Amino acid sequence: MPEDHFGEPVAETYDEYSAEMFRPEVVDPVVDFLAGLAGDGAALELGIGTGRIALPLAARGVRVQGIDLSEAMVTRLRAKPGGADVPVTIGDFATTKVAGTFSLAYLVFNTISNLTTQDEQVACFENVAAHLEPGGCFVIEVGVPDLQRLPRGERFVMFHVGDTHVGIDEYDVARQGLVSHHLQQTEGDAFRRSSGPFRYVWPSELDLMARIAGMTLRERWAGWKREPFTSESTKHVSVWEKA
Ligand SMILES: C[S@@+](CC[C@H](N)C(=O)[O-])C[C@H]1O[C@@H](n2cnc3c(N)ncnc32)[C@H](O)[C@@H]1O
């Protein structure tokens, strides 16, 4: 089982520190997009967390199930209105099997990068394909690797500087690895440091993983409102379809 980087200390402040991502302006387009793809079928969220997307999607009438490694995150989900009605399996979403088949599986908020090896990311696509009905879709939301901001010989890129939070990405280009360091203000002038490992992954590489798993690219956008994906896009929302 991979290491759980979303244990109690992260889970207890996740919703508060990610408050921007819980705003209706952010969540509603995601839910519109996913509900449209799910149709009358069921949806599987990999890395369901505290239910930021799963709960409003379920409130739209979509039957949602989840997989997550972190008991602490899922405890928060279950405590929310409607949370106890969303079935969640504790396990690694690269390998964990759940009962049923799905018209939609989705992995949002850069969570594919939580799998820190290429083998695990490929296994994730294969696991999703095993759960999808023919014609079912797999959706990933993830940043485009920000290497254009990294001068040769440098390792660190600041991705956020605010009054209460500073974020710094540390690159290991040879391994396609990334550690995100966060300095978050807690009380008074005190800042807490936390760091988490990722594997950044290219859109074309994800397309190959999909092909290995028997899926093909159906749509690629720069955002949930189907903004065009261009050379300037900083993230993408991609949809692969199972043959
Ligand atoms: C950034 S949070 C996203 C949570 C939620 N999807 C959201 O959008 O707010 C990533 C979630 O994925 C879970 N996670 C990370 N790696 C995982 C793995 N290999 N298997 C299962 N869950 C994993 C974490 O426990 C955490 O709940």
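The values are calculated or read from the model by the stated rules, or taken from the named source; none is laboratory data. This one's a predicted model, so the numbers in the text were calculated from it and none came from an experiment. Every residue, glycine as well, gets a Cβ built from its backbone with ideal geometry; the counts of neighbours run over all protein chains shown. All accessible areas refer to the heavy atoms of the entire protein, side chains included, with ligands and DNA or RNA removed. Shrake-Rupley method; radii C 1.70, N 1.55, O 1.52, S 1.80 Å.
Quick notes on this structure:
- Test: residue in segment 70-91 that is more than 11 Å from the ligand (Cβ to nearest atom), surrounded by 18 or more Cβ atoms within 10 Å (Cβ to Cβ) and not polar (S, T, N, Q): yes
- The single condition among (1) free of Cβ contacts under 8 Å to residues at least 24 places away in the same chain; (2) assigned to a strand (DSSP E or B) that A174 does not meet is (2).
- Condition met for A129 (open to solvent by less than 50 Å² (accessible area, probe 1.4 Å), more than 16 Å from the ligand (Cβ to nearest atom) and of a type in the set (A, V, I, L, M)): yes
- If only residues of segment 156-169 that are under 24 Å from D4 (Cβ atoms) and crowded, with 16+ Cβ neighbours inside 10 Å are counted, the one that is nearest to the chain's Cα centre (by Cα) is D169.
- Any hit, segment 184-201, residues being of a type in the set (K, R), part of a helix (DSSP H, G or I), surrounded by fewer than 14 Cβ atoms within 10 Å (Cβ to Cβ) and without any contact (Cβ under 8 Å) to a residue 12 or more places away in the chain: no
- Check on V142, buried (at least 17 other Cβ atoms within 10 Å of the Cβ), without any contact (Cβ under 8 Å) to a residue 40 or more places away in the chain and not in a helix (DSSP H, G or I): no
- Answer from G47, G66, G36, G61 - the residue that is of a type in the set (G, A, S), under 17 Å from the mean Cα position of the chain (by Cα) and either open to solvent by 40 Å² or more (accessible area, probe 1.4 Å) or at positive phi (or both): G47
- Leading residue by the ranking (farthest from H160 (Cα to Cα)) among those in segment 18-31 that are surrounded by 14 or more Cβ atoms within 10 Å (Cβ to Cβ) and more than 11 Å from the ligand (Cβ to nearest atom): V31
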